[in-house]
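Contents: one structure, followed by commentary.
The values are calculated or read from the model by the stated rules, or taken from the named source; none is laboratory data. Remember, predicted model here, so these are calculated numbers, not experimental data. So basically every Cβ, Gly included, is an ideal-geometry build from the backbone, and we count neighbours across all protein chains shown. Side chains included, ligands, DNA and RNA excluded: accessible areas come from the protein's heavy atoms. Shrake-Rupley method; radii C 1.70, N 1.55, O 1.52, S 1.80 Å.
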Amino acid sequence: MKLFLDTADVAVIKDMLPTGMVDGVTTNPSLIAKSGRNIAEVIAEICALVEGPISAEAVATDFETMVKEGDKLAAIAPNVVVKLPLTWDGLRAARAFADKGVQTNVTLCFSAAQALLAAKAGATYVSPFVGRLDDHGAVGSELLEEIRALYDIHGFETQILAASLRHPAHVTAAALAGSDAATLPADTFKALIKHPLTDRGLDAFLADWGKTGQSIL
Ligand code: E4P
């Protein structure tokens, strides 16, 4: 499963890149607003830093303007993925981009029926929002399982990009559900490695090693 960073903060991306675990980046209008930067500039900078797919979201709600915005975003760099909302116009735009070989990420997916439509529209990725479904009283990770089954039964190639992941258990649930990718904020990314027994075990090993007076180098 690919791991993407869900941020438009270049400093955060630079901080996480040395882990070698950042396979791509996703942004959305709220994250761009939080960055306080111009969308074209920040997406260009992220694309230069990370080789993998970088999602940049169109904000128009009508098909024609969405396509114009998507064209402009896709022209920034070859690894831009045009992010589109799960609306009829968004799906129509996804089909138009698929037909001309531009990658898309159909976002704001909250049901298997919506995911079916995204796949039929030729979306490269579909983004089911796990955490927001949990907030709504559902079990978000169950949607990932349903979409996996649906896509496998019908041979759809659209990749499942688990989104709105708030903690490590969401990420492991996404992996166990067979998601192709997961996008997570830096805090959740960093939390993946944490276990108190790892810290305690390392402390004990180092303390015992210190007593030997040895040096490996
Ligand atoms: C990513 O593509 C989504 O926009 C993002 O994961 C949403 O996360 P949130 O529900 O925490 O805002």
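Label positions at T61 and E142, each projected 7 Å from the Cα along the C-beta direction, are separated by 3.1 nm.
Can you give the net charge of the other residues whose Cβ lies under 15 Å from the Cβ of N105, counting K and R as +1 and D and E as -1? Before the final figure, lay out each step's value.
Numbers: positive: K2, K83, R95; negative: D6, D23, E57, E69, E157, D180.
Computed value for this residue: -3.
Longer than 29 Å from Cα to Cα, which of K14/K100; K120/K190; K2/K194; K14/K211 are they? Say none if no pair is. Exceeds cut-off: K14/K100; K120/K190; K14/K211. In segment 1-150, the C-alpha radius of gyration followed by the widest Cα-Cα span (Dmax) gives 15.0, 40 angstrom.
Sort the following peptides by mean Cβ neighbour count (other Cβ atoms within 10 Å, averaged over residues), highest first: 82-90, 128-136, 99-107, 191-199. Before the final figure, lay out each step's value.
Details: 82-90: 21.8, 128-136: 18.3, 99-107: 19.9, 191-199: 10.3.
By packing density, highest mean first, the sequence is 82-90, 99-107, 128-136, 191-199.
Here the Karplus relation 6.51 cos²θ - 1.76 cosθ + 1.60, evaluated at θ = phi - 60°, turns the backbone of segment 202-217 into coupling constants of 5, 4, 5, 4, 5, 5, 5, 4, x, 5, 6, x, 8, 9, 6, 8 Hz, with x for every Gly and Pro. Between R132 and L206, the modelled labels are 4.2 nm apart [label points 7 Å from Cα along Cα→Cβ].
Taking a Cβ cut-off of under 15 Å around I46, the surrounding Lys, Arg, Asp and Glu residues balance to a net charge of -4, with basic ones at +1 and acidic ones at -1.
With contributions of -39500 (n - 2.57) from each DSSP H run of at least four residues, the per-residue ellipticity at 222 nm computed over the chain stands at -15000 deg cm²/dmol.
Only protein atoms count toward the accessible area here, which uses a 1.4 Å probe; on the chain, the carbon and sulfur part of that area reaches 58 percent.
What the chain shows is 51 Å² of accessible area per residue, with the surface traced by a 1.4 Å probe over protein heavy atoms. Taking amide H as placed 1.01 Å from N in the peptide plane, S55 has its amide H under 5 Å from the amide H of V25, T26, T27, V81, each at least 5 places away in sequence or on another chain.
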